[in-house]
Amino acid sequence: MKKLLISTFLCCILSGATAQNLIPVQNEKGKYGYADESGNIVIKYAYDEASAFVDGRAKVRKGNKWGYIGTEGKEVIKIQFSDMNTWNGNYCKVAVGGSVKDGILENAKWGIIDKDGKFVLDAEYDEISPFNDGLAFITKDKKYGYITDDYKILIPCEYEAVGSFNEKGFLWVNKGGKFDEKKDPSRVKGGNFGIYNREGKLIIPAEYKQIGTFVDYSKDANPFLSAIRSSKDYIDKIKKIKKEGMTKRKQKPGFMKIEFDYSEGIKYVNEETEKLEETMISQLNSSDARLCEECGNFNLLTYEFVDPVKFSKLPMPINSLIVVSNKGDGGLFQLHNLNIFDYRKVDTKNKHKIGIFDDKGNMLLQEGKYEQAFCPTEGFIPLTREKDRKVQVNYYDMSNGKLLFDDWMFVKKITPFENGVAVISEETGEYLIDKTGKKISSDYELILPPREGTYVIRKNGKYGMMDTAGKEIVTPSYNLICPLIEGLACMQKNLGESYGFLDSKGNIAISPKYLTAQSFKHGWASVRTKNGWGEIDNTGKEVVECKWNNTMAKTEDKPALMWVRPTANSLWYCLDTKTGQYKFEQGVYAVFRNFNHDFKGISFVENEKGQIGCIDENGNIKVPLVMGNFRLAKKAYQQMLDRGMAEWTEIDLYRFDLENNDKLNEQTIYHKFESSDWTY
């Protein structure tokens, strides 16, 4: 009995081996069949093309149709397809119909079958792209959609154009438009846009001309810059700059219509605007100029409409809100800077009137009603409009869909709700309101953005502090009070006196005894005595002795290492803050990045020749100081990490220098290369 079982088992093995070793052969008429290892024809000559058997199946062609047969010669997948791609696991992309022209299959319909030849995606699509990140786009009758890698329809083929998902999981679609194949195939002309999420839900219908998101804090959210940009002097000078910029346009070559290149003009306007703002900031008194840098912004986010390609690549790091509009051609809206060349009266009819959706598709603000809306905060959306060339403000209450004020208010700047209150800035003064619109504070010349539950306020040129209930913590009587950072506020009682620090209750926490002081950062504050610069902790204790000409900005909490400069013209040295001694003896001419800023334990430094490299915390050179700029030095170090190297050799640097040589990279095949420029 045992012998019989063994014999039967061996016969099964041999039978399987024979089936797997069938070989495609061709007869004198060009037809293919299959022979076993002895040359016996097992499957008759019947095919125009045949492949080897894999897992008991072989791909064959009869005429212009493909399918699969088993080892007995019977069809296991019907020979009916115009083309069959390679298998992706248990699934295969197949074509039905169409015709071959010059070796290319045209006008076929594509679908997906399983191992049994059954359609899991019907063959009705003009194209099915390769999968990327679990998705493939599909086209049908010149319209686009998406499928998932389990061959489910994620987005139906209803759209003339579709984008790709950004990192927040949003994808744009377009109805009624088309890709601009002639000028820029990545852009879409006309039609309306909508948004899908990664789950395949249409969260914003394709009904809008423009889509975008909140991208950046408005310069108008800085009270000092807002005051500058709202001043008549600034506006008049900006008009002049924009007129001058308009003259720098260049006509593009063309025959059908006149087109202009404004790139030089835009560059000129941006550069001159930046210079103008820097000049006007420098004209502020010393306290206001410092606060302009330190006060930060109100949480006022502006939006930008972007072309579809940019939207697909948009990371949306700040929030997941989406803005829409049915007006204009896109672009960033900022008060007093509506258009780079718009020095005439604004055409309010063509302004965007945006709508706002959240990431679930809930409409937070209906499109078409309001000229300008900022990012929602604490249940309210700041709204603005222009009237008589001035700015008016109101707040849209998302809880009831009503405006906070019956009458819009003329203001100098716009602020959002933060900590349950908002700042109203009228010509007569600034004050706090609560969420009912009630005034809860006195009037002040200036209220700075909130920091750690407090506001810095100014009255009669003097600074004080106020809480979020509108109660004064410190009566405005100081020449300078900086916003609270890490529980302490740098202050100077009177001009010319010493600097110290107040706590959040307005009490003196660190006595005023410093010639100058910076706000706390990473647990320490930089201060200067008659002996020089040093660092103190929040108790006022010197943690780095005040004896240095300068200290490098901190990039980590209570740093163990800090770059210091002994005298005005000396090199920079690395100080061990625990011992007060130099960590290593050699100094450097300049420091571009402190330790633990971009790369842990690495500092980018410059030598006496102006060449840049990087060293570790023990002074060991990781990338030799030979780079022409910081960008190249950083790139070189990143490449070193990517290659798993501890440090770079001379040959690595030589190759890197050649690969990043701008002069060489501009050469063409027709240029002559000097022998010294040849790579390996």
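The values are calculated or read from the model by the stated rules, or taken from the named source; none is laboratory data. Given the structure is predicted, the values throughout are model-derived calculations rather than measurements. All Cβ positions, even for glycine, are placed from backbone atoms using ideal geometry, and neighbour counts span all protein chains on display.
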Subject >> Identity of the residue in the range 84-117, out of contact with any strand residue (DSSP E or B) (no Cβ under 9 Å at 6 or more places or on another chain) and of a type in the set (D, E, K, R), that ends up surrounded by the fewest Cβ atoms within 10 Å (Cβ to Cβ) >> reply: D102
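Taking the range 576-615, which residues are at positive phi and not assigned by TED's automatic domain parsing to the domain that holds L632?
So in the range 576-615, the residues at positive phi come out as 580, 596, 601, 610.
If the condition is that a residue be at positive phi and not assigned by TED's automatic domain parsing to the domain that holds L632, then G580 is the only one that fits.
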Original post:
Can we say Y234 is on the phi > 0 side of the Ramachandran plot, touching a residue at least 40 places away in the same chain (Cβ under 8 Å) and outside any strand (DSSP E or B)?
Top reply: no
**OP:** Take G70 and decide whether it is within 20 Å of Y34 (Cα to Cα) and either modelled with pLDDT of 95 or more or not charged (D, E, K, R) (or both).
**Re:** yes
Original post:
Can you list the helices (runs of 4 or more DSSP H) found entirely within the range 607-674 that contain at least 2 residues being at pLDDT 75 or above and closer than 16 Å to N594 by Cα?
Top reply: 630-642
Original post:
So which residues in the range 486-508 are touching a residue at least 24 places away in the same chain (Cβ under 8 Å), touching a Phe, Trp or Tyr at 6+ places or on another chain (Cβ under 7 Å) and among the polar types (S, T, N, Q)?
Top reply: Q492
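Looking at G470, G500, G464, which one is closer than 30 Å to G379 by Cα, among the small types (G, A, S) and in a strand (DSSP E or B)?
Working: G470 fails: in a strand (DSSP E or B); G500 fails: closer than 30 Å to G379 by Cα.
Answer to the selection: G464.
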Subject >> Sole exception among (1) part of a loop (DSSP other than H, G, I, E, B); (2) under 17 Å from E294 (Cα atoms) for A489, by number >> reply: (1)
**OP:** Among the numbered conditions (1) closer than 12 Å to I113 by Cα; (2) in contact (Cβ under 8 Å) with a residue 40 or more places away in the chain; (3) aliphatic (A, V, I, L, M), tell me where V76 comes up short.
**Re:** (1)
Original post:
Looking at the range 415-423, is at least one residue in a strand (DSSP E or B), of a type outside the set (A, V, I, L, M, F, W, C), within 35 Å of the chain's Cα centre (by Cα) and surrounded by 21 or more Cβ atoms within 10 Å (Cβ to Cβ)?
Top reply: no
**OP:** Report yes if some residue within the range 368-387 is surrounded by 19 or more Cβ atoms within 10 Å (Cβ to Cβ), in contact with a Lys or Arg (Cβ under 9 Å, 6 or more places away or on another chain) and assigned to a loop (DSSP other than H, G, I, E, B); otherwise report no.
**Re:** yes
Subject >> Residue satisfying all of: in the range 526-574; assigned to a loop (DSSP other than H, G, I, E, B) and hydrophobic (A, V, I, L, M, F, W, C); farthest from L484 (Cα to Cα) among these >> reply: L571
Original post:
Does K505 satisfy the criteria of being surrounded by fewer than 17 Cβ atoms within 10 Å (Cβ to Cβ) and under 23 Å from K438 (Cα atoms)?
Top reply: no
**OP:** Starting from the range 462-479, keep only residues that are modelled with pLDDT of 95 or more, then list their pairs with residues that are of a type in the set (S, T, Y) and not in a strand (DSSP E or B) whose Cβ atoms are within a distance under 7 Å, requiring at least 6 positions of separation or different chains.
**Re:** M466/S441; G470/S441; N479/S287
Original post:
Looking only at the range 64-78, which residues are crowded, with 17+ Cβ neighbours inside 10 Å and either in a strand (DSSP E or B) or under 48 Å from the mean Cα position of the chain (by Cα) (or both)?
Top reply: W66, G67, Y68, I69, I77
**OP:** Scan (1) over 45 Å from the mean Cα position of the chain (by Cα); (2) not in a strand (DSSP E or B); (3) not hydrophobic (A, V, I, L, M, F, W, C) for the single condition R61 breaks and write down its number.
**Re:** (2)
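Answer with yes or no whether Y217 is buried (at least 16 other Cβ atoms within 10 Å of the Cβ), within 17 Å of I322 (Cα to Cα) and hydroxyl-bearing (S, T, Y). Give the steps one after another, and end with the answer.
Working: buried (at least 16 other Cβ atoms within 10 Å of the Cβ): yes; within 17 Å of I322 (Cα to Cα): yes; hydroxyl-bearing (S, T, Y): yes.
Yes, satisfied.
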Original post:
Scanning the range 421-441 for residues that are among the hydroxyl-bearing types (S, T, Y) and touching a Leu at 6+ places or on another chain (Cβ under 9 Å), which turns out modelled with the lowest pLDDT?
Top reply: S425
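Tally up the residues in the range 595-614 that are among the polar types (S, T, N, Q) and closer than 19 Å to F656 by Cα, please. I'd like the intermediate steps shown before the answer.
Within the range 595-614, the subset among the polar types (S, T, N, Q) is 596, 603, 607, 611.
This time we only want the ones that are closer than 19 Å to F656 by Cα, so: 611.
Number satisfying all stated conditions: 1.
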Original post:
Which condition breaks for K541 when tested against (1) touching a Gly at 6+ places or on another chain (Cβ under 6 Å); (2) more than 21 Å from E452 (Cα to Cα)?
Top reply: (1)
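Name the residues in the range 486-500 that are under 19 Å from G296 (Cα atoms) and crowded, with 17+ Cβ neighbours inside 10 Å, would you? Even if it seems obvious, please write down each step before you answer.
Looking only at the range 486-500, we keep the residues that are under 19 Å from G296 (Cα atoms), and these are 486-491.
Correct list: L488, A489, C490, M491.
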Original post:
Which of the residues belonging to the range 31-58 are more than 53 Å from the chain's Cα centre (by Cα), part of a loop (DSSP other than H, G, I, E, B) and of a type outside the set (G, A, S)?
Top reply: K31, D36, E37, N40, D48
Original post:
Of E244, E199, which residue is assigned to a helix (DSSP H, G or I), among the charged types (D, E, K, R) and farther than 25 Å from L301 by Cα?
Top reply: E244
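Does L225 satisfy the condition of being surrounded by fewer than 19 Cβ atoms within 10 Å (Cβ to Cβ) and within 29 Å of the chain's Cα centre (by Cα)? Can you show your working first?
Numbers: surrounded by fewer than 19 Cβ atoms within 10 Å (Cβ to Cβ): no; within 29 Å of the chain's Cα centre (by Cα): yes.
Spelling it out, it is not the case that L225 is surrounded by fewer than 19 Cβ atoms within 10 Å (Cβ to Cβ) and within 29 Å of the chain's Cα centre (by Cα).
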Original post:
Does N337 satisfy the criteria of being modelled with pLDDT under 90, under 30 Å from V423 (Cα atoms) and buried (at least 17 other Cβ atoms within 10 Å of the Cβ)?
Top reply: yes
Original post:
When the range 430-476 is examined, which residues are found to be over 13 Å from G506 (Cα atoms), buried (at least 21 other Cβ atoms within 10 Å of the Cβ) and more than 36 Å from the chain's Cα centre (by Cα)?
Top reply: S441, Y444, R458
Subject >> Failed item in (1) assigned to a helix (DSSP H, G or I); (2) hydrophobic (A, V, I, L, M, F, W, C); (3) in contact with a helix residue (DSSP H, G or I) (Cβ under 8 Å, 6 or more places away or on another chain), with F193 passing the rest >> reply: (1)
